[in-house]
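Novice: Sharing a structure here in structure tokens format.
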Amino acid sequence: HQLLEHVQEITTNTMKYSYFPLQLILDQHPHVSKYAFLDTSLEFISYENDNNKNAIMIGDCQLVPGSFLSKINEDEILDVRDFSLSMHHDMNMNQLSCTINASLDLFNAGTVCIIAQRLQTMLHQQFTSFHCTLNKPIYELSLLLSNEQYRMQSLNNTQTSFPSSPLACIHHEFVYQVIRYPQKLAVELDEQSLTYCELLYYVQVLSFTLLNEYHIVPGEIVCQCVERSLSMVIGIMAIEMAGGVYCPLSPRDPQHRLHALTQQTQSRFVLVHYLTKNKFHNDILAIDIHSIFANNDLMSDIDVDRLSSITITPNDIAYIIFTSGSTGIPKAVS
């Protein structure tokens with residue numbers, strides 16, 4: 001009964017959030033007896049069964065035949081409903097069994113199996129002694145399957161041990177990977193890709209330009225506003241290698257927000273590419289990453305040595321990001 005009441009409550013509460021004008025569509029076809037929409041059925045049957053002689057044990061579960069099963073015609077159910085869930089409660093044995101009937105014209109067999117597994121997971125939580133003692137509401141029960149829980153734990157386990165040094169900086173680890181796998185694919189987007197060696201070259205060119213022409217110093221905030229591209233990765237690593245603090249700006253933000261964020265960070269310039277170079281006013285210096293690569297010659301060994309001599313420690317700030325600012329002024333988080 002608690003399950004039925006909860007389903008009824010959820011269904012009623014979700015009506016006000018419905019953006020699909022189902023009733024309006026149905027009113028336009030008053031003469032149609034069966035609509036081309038999903039018909040669902042939920043029924044709860046309680047019965048008494050005195051005949052337990054034919055009980056069958058399957059593992060730790062007892063399968064008890066019910067007399068009502070002979071009265072149910074599955075073909076008739078599917079003619080009326082495209083999806084039906086029947087829950088049968090044996091009052092004598094205090095056992096609960098469920099039957100799901102679904103039209104394979106509308107549902108994939110694998111989808112129906114997953115629905116059944118989620119229902120089993122929910123019922124197992126609701127009727128085990130541990131959860132019963134806690135009197136846990138149904139809406140707080142988890143519908144995640146065991147393999148999904150394991151997958152989520154794996155995705156949330158973001159700790160990575162780096163073999164080179166536990167106190168290395170981000171760009172140090174990047175160079176370490178370049179030394180180990182120079183010809184392996186480092187970054188890929190659509191039909192574009194760069195190996196570790198190629199990526200390092202572009203990063204060093206941009207880093208040296210920031211140092212030589214724009215004279216950035218360690219700890220200086222450098223903003224970057226680019227679309228998702230190879231240039232985004234190059235810009236991030238170049239700012240880190242030059243000793244700057246990376247600050248991403250979203251190209252989807254309006255100009256007044258971009259201007260406010262650059263003012264708040266006191267950034268002297270913004271790295272852009274051809275899709276975002278018109279996002280900023282004339283009072284903000286926008287540096288086109290692509291033009292730097294087109295106009296730059298090969299670096300000498302002295303330039304590489306200068307990049308290597310920049311003093312950066314793992315205690316220095318690597319990046320800052322801003323909150324959405326929906327409740328006030330955007331706040332920076334490092």
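The values are calculated or read from the model by the stated rules, or taken from the named source; none is laboratory data. The structure presented is a predicted model; accordingly, all values stated were derived computationally and were not measured. Virtual Cβ from ideal backbone geometry, glycine too; neighbours counted across all protein chains shown.
Novice: Going through L194, L211, L200 one at a time, which residue ends up being assigned by TED's automatic domain parsing to the domain that holds A294, surrounded by 13 or more Cβ atoms within 10 Å (Cβ to Cβ), touching a strand residue (DSSP E or B) at 6+ places or on another chain (Cβ under 8 Å) and modelled with pLDDT of 85 or more? Break it down stepwise before answering.
Specialist: Details: L211 fails: touching a strand residue (DSSP E or B) at 6+ places or on another chain (Cβ under 8 Å); L200 fails: touching a strand residue (DSSP E or B) at 6+ places or on another chain (Cβ under 8 Å).
Of the residues listed, the single one that is assigned by TED's automatic domain parsing to the domain that holds A294, surrounded by 13 or more Cβ atoms within 10 Å (Cβ to Cβ), touching a strand residue (DSSP E or B) at 6+ places or on another chain (Cβ under 8 Å) and modelled with pLDDT of 85 or more is L194.
Novice: Name the helices (runs of 4 or more DSSP H) wholly inside the range 39-148 in which the number of residues that are of a type outside the set (A, V, I, L, M) and modelled with pLDDT of 80 or more is 3 or more.
Specialist: Working: elements: 74-80, 109-127, 129-134.
Result: 109-127.
Novice: What helices (runs of 4 or more DSSP H) completely inside the range 184-280 contain at least 2 residues that are closer than 24 Å to C169 by Cα and in contact (Cβ under 8 Å) with a residue 24 or more places away in the chain? Full working, then the answer.
Specialist: Numbers: elements: 196-212, 230-241, 255-265.
Result: 196-212, 230-241.
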